[in-house]
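> Take this structure, written in structure tokens, and hold onto it; I'll ask about it next.
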Amino acid sequence: MNLLSAHLDSYASCVLVSLEDANWHTRANIPPEPGWYFLRTDTPVGVLKQQALWASTYATKRSGKTANIRNYDIAARAGRFSEDLEAYWNIAEVYTGMAANLQARAREHTFADPGTAGLALSKYPELIGYEWIFGYITLRRLAPRVSCQDMMLRLGEQVWRARNGWPLLCAD
């Protein structure tokens, strides 16, 4: 456990997110491999609380039928912040997670299709004026050949959250 914790505290690769460039994640050379990631921002909590979900339904590409938006509701998640638990929230690294493909997850949190679970940050014009950083650590750096990748990724995600506070935009 100590090795995993130390690995997550080690050097993370960090790239500046462009909410105006749908291909920023490929230009930044984020690897399409398993690992952990975080989204860091200087966006004030009050601004995040004002970012209501941009739509509730959309027409699917395949059938044209109406479906519910699966992008995360930023205002609802940020709205849970309260000063009595301020020490337990992480309001800088507002989202953390694990991914089988870090590059795809970076895209989903910035330019997600409405049917994809992710933040879809580019859908919120007010957020473009703030700094967003995508940081990541590959699983390969810790364990090139691991027998249970999902367990290691999930454990690492929870270890990081326990050490750094609950990311404001992550689900309960």
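> Looking only at segment 127-136, decide whether some residue is assigned to a loop (DSSP other than H, G, I, E, B) and surrounded by 14 or more Cβ atoms within 10 Å (Cβ to Cβ).
To start, the set of residues in segment 127-136 that are assigned to a loop (DSSP other than H, G, I, E, B) comprises 130-131.
Imposing the further condition that a residue be surrounded by 14 or more Cβ atoms within 10 Å (Cβ to Cβ) reduces the set to 130.
The answer is yes; a qualifying residue exists.
> Taking the condition of being outside any loop (DSSP other than H, G, I, E, B), under 18 Å from Y124 (Cα atoms) and free of Cβ contacts under 8 Å to residues at least 60 places away in the same chain, how many residues in segment 69-98 meet it?
2
> Return yes or no: is Y58 modelled with pLDDT under 95, among the aromatic types (F, W, Y) and at negative phi?
On the way: modelled with pLDDT under 95: yes; among the aromatic types (F, W, Y): yes; at negative phi: yes.
The answer is yes for Y58.
> OK, next. Looking at segment 137-152 only, could you name the residues that are without any contact (Cβ under 8 Å) to a residue 24 or more places away in the chain, more than 18 Å from the chain's Cα centre (by Cα) and open to solvent by 30 Å² or more (accessible area, probe 1.4 Å)? Give the derivation first.
Taking segment 137-152 as the starting set, the residues that turn out to be without any contact (Cβ under 8 Å) to a residue 24 or more places away in the chain are 143-148, 150-151.
Filter once more, keeping what is more than 18 Å from the chain's Cα centre (by Cα): 143-148, 151.
P144, R145, V146, S147, C148, M151, listed by residue number.
> Another question about this same structure. Please find, within segment 3-17, the residue that is nearest to the chain's Cα centre (by Cα) out of those that are assigned to a helix (DSSP H, G or I) and of a type in the set (A, V, I, L, M). Spell out the reasoning first.
In the first step, residues of segment 3-17 are kept if they are assigned to a helix (DSSP H, G or I); the result is 3-9.
Next cut, of a type in the set (A, V, I, L, M) only: 3-4, 6, 8.
Values: L3: 24, L4: 20, A6: 21, L8: 16 Å.
Restricting to residues being assigned to a helix (DSSP H, G or I) and of a type in the set (A, V, I, L, M), the top hit is L8.
> Counting only residues that are touching a helix residue (DSSP H, G or I) at 6+ places or on another chain (Cβ under 9 Å), open to solvent by 40 Å² or more (accessible area, probe 1.4 Å) and in a helix (DSSP H, G or I), how many does segment 18-45 have?
Total meeting the criteria: 1.
> Only residues that are among the aliphatic types (A, V, I, L, M) and more than 24 Å from M151 (Cβ to Cβ): list them for segment 1-24, please. Explain how you work it out, then say what you get.
Just the residues of segment 1-24 that are among the aliphatic types (A, V, I, L, M), to begin with: 1, 3-4, 6, 8, 12, 15-17, 19, 22.
Result: V15, L16, V17, L19, A22.
> Which members of segment 105-128 meet the condition of being touching a residue at least 24 places away in the same chain (Cβ under 8 Å) and under 11 Å from the mean Cα position of the chain (by Cα)?
Matches in segment 105-128: R105, A106, R107, H109, T110, A117, G118, L119, A120, L121.
> Can you name every residue in segment 99-116 that is of a type outside the set (F, W, Y), part of a helix (DSSP H, G or I) and open to solvent by 50 Å² or more (accessible area, probe 1.4 Å)?
Quick first cut of segment 99-116, residues of a type outside the set (F, W, Y) only: 99-110, 112-116.
Those still in the list that are part of a helix (DSSP H, G or I) too: 102-110.
The answer is R107, and nothing else.
The values are calculated or read from the model by the stated rules, or taken from the named source; none is laboratory data. Everything numeric here is computed off the predicted structure, so don't read it as measured data. Every residue, glycine among them, receives a Cβ derived from its backbone with ideal geometry; neighbour counts consider all protein chains shown. Areas reflect the complete protein model, heavy atoms only, side chains present, ligands, DNA and RNA absent. Shrake-Rupley method; radii C 1.70, N 1.55, O 1.52, S 1.80 Å.
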